[in-house]
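Colleague: First the structure, which I've put down as structure tokens, then a few questions once you've had a look.
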């Protein structure tokens, strides 16, 4: 799809979402979106200055390539630390590859997802299943699972598929504990 057509589709989608267009001819043309959903996210290609003495750290291998997403399997356990978003990744060469968009999977074996704006933004000759992926000193950001575990989270979504408010979450958490205690008393 050419960039101009993509831009026209995005404008059309925004007008439909904002209820400016009430035409059934557009039903099914565009994916379903929620009112406050981010429609299009432009991923900038990182520009870094690699010096000859920059140390590279092997972080994993390419596991899957799905359209404009590349999944990297970490060679290290994430029990103590995992790479965080915006860590710059490199391929052999070294060649700048992209940044970590999201970390998924179990903490014991994290998977890093690199997202591109389209399939033409990465080197298809080097981006193959099993290829080594590196991170350069000075461009690595860490997240620490022990700190993350201290926060209570919720997978439930609120209206418009947004995260629930802290007060709502706290109420449901406390309420569920009260109900659970009541059930246990009834069972005994």
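Colleague: Please specify each residue of region 126-137 satisfying the condition of being closer than 21 Å to residue 43 by Cβ and not in a strand (DSSP E or B). Spell out how you get there, then give the answer.
Modeller: Here is the first cut: in region 126-137, the residues closer than 21 Å to residue 43 by Cβ are 126-128, 131, 133-136.
Selection gives 126, 127, 128, 131.
Colleague: Name the pairs: first residue in region 38-61 and over 15 Å from residue 140 (Cα atoms), second residue part of a loop (DSSP other than H, G, I, E, B) and modelled with pLDDT under 90, Cβ to Cβ under 8 Å, at least 6 apart or on different chains?
Modeller: Matching pairs, first to second residue: 39/33; 42/117; 43/117.
Colleague: Take region 70-109 and flag every residue that is outside any strand (DSSP E or B) and modelled with pLDDT of 90 or more. Working first, answer last.
Modeller: Taking region 70-109 first, the residues outside any strand (DSSP E or B) are 75-81, 84-87, 92-94, 105-109.
Listed by number, the residues that qualify are 75, 87.
The values are calculated or read from the model by the stated rules, or taken from the named source; none is laboratory data. Note that the structure is a prediction, hence the values are computed from the model and not measured. Using ideal geometry, Cβ is built from the backbone for each residue, glycine included, and neighbour counts are taken over all protein chains shown.
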